[in-house]
Amino acid sequence: MKAIVMQNYGGPEVFEEQDIAVPNIQETQVLVEMYATTVSSADELIRSGTFQHVFSVQFPHVLGVELAGVVKEIGEKVTYVKVGDPVMGLARNGGGYADYVVLDESALTIIPPTISFLEAAALTASALTAWQSLFQYGKLQSGQRILIHAGAGGVGHIAVQLAKQQGAYVIATARGHNHEFVRQLGADEVIDYTTTDFAEAISPVDIVLDMVRDKIVELDTGIGETERKNYTVLKDSGKLISLVAPSIADHPKIRGIEAHFAYIVPNHRDLAAIIHSVEEQKLKVHVDGLFPFTVEGIADAHRQNETNPKRGKLVIQRKPHC
């Protein structure tokens, strides 16, 4: 099968096309023909080598953690799906940048007719990350105040919608040209982080959802500049949830603040709840760009993800009109 692999850590130039064997499935696994995948934050962090100390890979490696496609083969103990079902899923070890990918059946759910493969691929990791960050790690309650960084991004634009639906007061950071977009998602306040110091612009919050990778300012603790400011805007005993700093839970506790790195685990319950919210038109995913399933297309998608501020997700399309 065709696969777009990375041969080393580095920039988007590390991709090349290879013919590799179609993977075999185990008894609880499913073989999915890939229709659409994305550039996720996890893909970027793995490709660049930023996460190699917590998630090392063997080369050549196939990226692509979120995908949508059609079931082609199922293991003996699979009961949740059947051959021919349209599914969306999270491949935590990657594999989506290939014609076929293997998933455990617990990591996928069936796509209803009302949702396209493109939307489903864009939803999977972003929506699951937002869902578990807010409700599992943050235990977000109605009436609480939450700061969501990168409110126009893949996870951020989903998190803003979910937090508002939960009855929270939502503050988001975004570039100026994205403010109206983020307000339409439900944000009560939007701060332009390029011109305004959020730490000086908002009243204390109960929860911060942080997706900002920035320079380390405290070498002894490994705390970054944005992370340090996050602590200053949190109430005593608040919650700081990071999607980019795995070591955050090891930092000394400050004012009773709970610091968590959100380690996302796919499951039917959460994926089904997300699909239900979309079907009820309570949750929308925004696809900001489509790219072909080629070396050049995937490299371009990664470049745009790194250099151009986006709204929602960038999707890589293998099957036309999906």
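Within the stretch 91-131, the residues that satisfy the criterion of being among the polar types (S, T, N, Q) and either buried (at least 24 other Cβ atoms within 10 Å of the Cβ) or in a loop (DSSP other than H, G, I, E, B) (or both) are 93, 109, 114, 116, 124, 126, 129.
Selection within the stretch 195-205: residues that are closer than 20 Å to residue 133 by Cβ and either open to solvent by 30 Å² or more (accessible area, probe 1.4 Å) or β-branched (Val, Ile, Thr) (or both). The member of this set that is nearest to the chain's Cα centre (by Cα) is 205. Within the bounds of the stretch 132-143, is there any residue that is basic (Lys, Arg), open to solvent by 40 Å² or more (accessible area, probe 1.4 Å) and outside any loop (DSSP other than H, G, I, E, B)? The answer is no; no qualifying residue exists.
If you scan the stretch 245-277, which residues turn out to be within 14 Å of the chain's Cα centre (by Cα) and open to solvent by less than 30 Å² (accessible area, probe 1.4 Å)? Give the steps one after another, and end with the answer.
Just the residues of the stretch 245-277 that are within 14 Å of the chain's Cα centre (by Cα), to begin with: 261-266, 271, 274.
Selection gives 262, 264, 266, 271, 274.
Residue 64: out of contact with any helix residue (DSSP H, G or I) (no Cβ under 8 Å at 6 or more places or on another chain), crowded, with 17+ Cβ neighbours inside 10 Å and farther than 30 Å from residue 233 by Cα, yes or no?
Values: out of contact with any helix residue (DSSP H, G or I) (no Cβ under 8 Å at 6 or more places or on another chain): no; crowded, with 17+ Cβ neighbours inside 10 Å: yes; farther than 30 Å from residue 233 by Cα: yes.
It is false that residue 64 is out of contact with any helix residue (DSSP H, G or I) (no Cβ under 8 Å at 6 or more places or on another chain), crowded, with 17+ Cβ neighbours inside 10 Å and farther than 30 Å from residue 233 by Cα.
Please go through the stretch 161-194 and give me each residue that is crowded, with 23+ Cβ neighbours inside 10 Å and either assigned to a loop (DSSP other than H, G, I, E, B) or at positive phi (or both), ordered by number. 168, 174, 187 - these are the residues of the stretch 161-194 that are crowded, with 23+ Cβ neighbours inside 10 Å and either assigned to a loop (DSSP other than H, G, I, E, B) or at positive phi (or both).
Quickly run through the stretch 278-298 and pick out the residues that are assigned to a helix (DSSP H, G or I), touching a strand residue (DSSP E or B) at 6+ places or on another chain (Cβ under 8 Å) and either free of Cβ contacts under 8 Å to residues at least 24 places away in the same chain or surrounded by fewer than 16 Cβ atoms within 10 Å (Cβ to Cβ) (or both). I'd like the intermediate steps shown before the answer.
First, the residues of the stretch 278-298 that are assigned to a helix (DSSP H, G or I): 278-279, 295-298.
Pick out the ones that are also touching a strand residue (DSSP E or B) at 6+ places or on another chain (Cβ under 8 Å) and you get 295, 297-298.
Scanning the stretch 278-298 gives a single hit, 297.
The values are calculated or read from the model by the stated rules, or taken from the named source; none is laboratory data. Keep in mind that this is a model prediction, so the values were computed, not measured. For neighbour counting, all protein chains shown are included, and Cβ atoms are generated from backbone atoms with ideal geometry for every residue, glycine included. All accessible areas refer to the heavy atoms of the entire protein, side chains included, with ligands and DNA or RNA removed. Shrake-Rupley method; radii C 1.70, N 1.55, O 1.52, S 1.80 Å.
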